Amino acid sequence: MRFGRSSLLLVGASVLMAPRATGAAELTCPSSVTLEALVACIRDQMPGRSSGMFVAPAFMEMSAWRSVVSAMMYGACGSPLPSTLSPFVQIRSFRDADNGRSYCLLMETADRNGDGVVDRGFGAFIVDAFAERELSHQVSHPIADEGTETQAVTVFKRTRSRTFLLAGAHRDARLDERAFQGFSMSSDVAHNAATMFHAAHVEIAAYYGWRPWWAIQWHGMAEDTCERVDVHLSHGFDTTPAAGDKILELRSHLLAFEPTWRIGVAGSRVCSLNATSNVQGLLLNSAPTTFNFGTAAAPAARRFVHIEQHPGVRDPEKWIAAVMATWP
Ligand SMILES: [Zn+2]
């Protein structure tokens, strides 16, 4: 049998196309041996700004994600994943080479078109089953709030906290202005409850119920935003904290170690970034067992701690001692 010229060209073209057509990959960050390297790797393979690559999760996928997060909170790490998630995500034990401790890791890995970016933007969740502090360190704006990913995971690791939660895409990977009561197609997980990030947050809150715990959300603001402060702390509403409040405690411990830092708190009028539309904050500031919005939170129930920072203060080393002193 003879091949005509056009057939040969077609064969050549299909060979050239082959890597793209069969390039489906599992992006598991196999060379990352510390939590910091792992989180940087996950950040570097997520949908970027204006990429349009974020895919909003389906309701069944969010339900499945919640069931896995719940099992992880109770210490399970080896159960098979639900079939709605297994094509996209991986659950495994992760050993940190710095401290030798093992963590349970849930992360999106599927890259079916082989472009080096995960397909959906689900993000990652890490549990320390032998934690000493009931704190959840959360990064809702990776890439955009530069440096907060590795800052928060280092604080998580060194303070022996329970959970670390990372959004799966740049907040502006997919813009959608049609938000309705906190639900939209947007990739900004701090303002969209229909995300894997929020689904995990809901499940963490359900795990604790009335028991004390705190969600610490690490953000970064531009140098020319809130110029009169370096750090701004709030609970997700614009009210001056009362004596004994955790954000006042955190501020005084930070100032003990970093006396030159200018640290604002909600209600002080020096900065308006009080996260009043943050959906994770709205959840925790409502009644913890029913999650009905609109119920005023008692001071004791202010579990949501929102941290805004200028670029120069995002060094985890400068936060660890203060976090440990505030949550001994
Ligand atoms: Zn932010």
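Each reported figure results from applying straightforward, stated rules to the coordinates on display, with no laboratory input. The structure presented is a predicted model; accordingly, all values stated were derived computationally and were not measured. Positions of Cβ are backbone-derived with ideal geometry, glycine not excepted, and every protein chain shown enters the neighbour counts.
Close amide H partners of residue 185, meaning residues 5 or more places away or on another chain with modelled amide H under 5 Å apart, are 178.
Estimated from helices alone, the mean residue ellipticity of the chain at 222 nm is -8500 deg cm²/dmol (sum of -39500 (n - 2.57) over DSSP H runs with n ≥ 4, per residue).
Restricting the trypsin sites (Lys or Arg not before Pro) of the stretch 128-200 to loop positions (DSSP other than H, G, I, E, B) with no more than 14 neighbouring Cβ atoms within 10 Å leaves 178.
If you average the alpha carbon positions of the stretch 58-112 and of the stretch 222-268, how far apart do those two centres end up, in angstrom? Comparing the Cα centres of the stretch 58-112 and the stretch 222-268, I get a distance of 34 Å. Across the chain, Cα-Cα pairs farther apart than 33 Å form 26% of the total.
Structural descriptor for the stretch 24-326: relative contact order 18 percent, calculated from alpha carbon pairs under 8 angstrom and at least 6 residues apart.
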